Amino acid sequence: MTRLIDLHGTAMEEFDRRVREVELTDWASPTPCTDWDVHDLVNHLTSEQLWVPHLLAGARIEEVGDRFDGDNLGETPATTWSVAAREARTAWVAPSSLDREVHLSFGDVPAEVYLWQMTFDLAVHAWDLARAIGADEDLDPDLVEELYAWTRERHGELAASGMFDDPVPVPEEAGTQTRLLALTGRKV
């Protein structure tokens, strides 16, 4: 479990590093997520972080309601992201955080499942953000290896979720990061 907490920290750092590189003129730039520009992408991840303390404390989706719908970034997007990320990370590293059950939109799951999903989302979207702003696209190799193994085991679930495009083919010699991103329909 400690390994997963560490992987989440690495994924959080990967996304955070790219957020800190966003220039004022980048916020309206398109991302590989065709429905989102940079602002929308960062807002999506910020909103996800805002949910974490509530869900780990046992709240249900209905209890939180629509409080995190819409634009959560305000006038200082990078700062808002940073605060939300710090609060989420604090909730994850709290004693026994992974011993809990979390009430998600698709059902109740162990907190460990939720943490894997959050780690995956942070890492893949760190790449999306890097691509959008022209930053370094290389993700931490250990993080990529672990997420690729996790994703391969759950590829059917991820594909059925409708959240990703169909996987894209990659050459046999493709690296693990390229393979991971290809499973989500991203063309590297």
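The values are calculated or read from the model by the stated rules, or taken from the named source; none is laboratory data. Since the model is a prediction, treat every value here as computed from it, not as a measurement. Reconstructed Cβ throughout: ideal geometry from the backbone, glycine too, with neighbour counts over all protein chains shown. Calculation scope for accessible area: heavy atoms of the full protein, side chains included, ligands and nucleic acids excluded. Shrake-Rupley method; radii C 1.70, N 1.55, O 1.52, S 1.80 Å.
Observations on the model:
- Subset of the range 95-124 [in a helix (DSSP H, G or I) and within 23 Å of residue 72 (Cα to Cα)]: 114, 115, 117, 118, 119, 120, 121, 122, 123, 124
- Conditions (1) at pLDDT below 95; (2) over 27 Å from residue 28 (Cα atoms); (3) of a type in the set (D, E, K, R): number failed by residue 165: (2)
- Lone qualifier among 113, 124 - being surrounded by 17 or more Cβ atoms within 10 Å (Cβ to Cβ) and under 14 Å from the mean Cα position of the chain (by Cα): 124
- Filtered residues of the range 1-20 (kept if hydroxyl-bearing (Ser, Thr, Tyr) and surrounded by fewer than 16 Cβ atoms within 10 Å (Cβ to Cβ)): 2
- Per this entry, residue 74 is counted among residues that are over 20 Å from residue 8 (Cβ atoms), touching a Ser or Thr at 6+ places or on another chain (Cβ under 6 Å) and surrounded by fewer than 12 Cβ atoms within 10 Å (Cβ to Cβ).
- The range 101-122 residues that are under 21 Å from residue 145 (Cα atoms), paired with ones that are open to solvent by less than 10 Å² (accessible area, probe 1.4 Å) and part of a strand (DSSP E or B) (beta carbon under 8 Å, 6 or more apart): 113/102; 114/102
- Entirely in the range 33-94, the helices (runs of 4 or more DSSP H) that have 3 or more residues that are of a type in the set (Ser, Thr, Tyr) and under 17 Å from residue 23 (Cα atoms): 77-93
- Failed item in (1) in contact with a Leu (Cβ under 8 Å, 6 or more places away or on another chain); (2) at pLDDT 95 or above; (3) surrounded by fewer than 15 Cβ atoms within 10 Å (Cβ to Cβ), with residue 155 passing the rest: (2)
- Remark: pairs (first residue in the range 142-159, on the phi < 0 side of the Ramachandran plot; second residue at pLDDT below 90 and not in a helix (DSSP H, G or I); Cβ separation under 7 Å; 6+ apart in sequence or on different chains) = 158/164.
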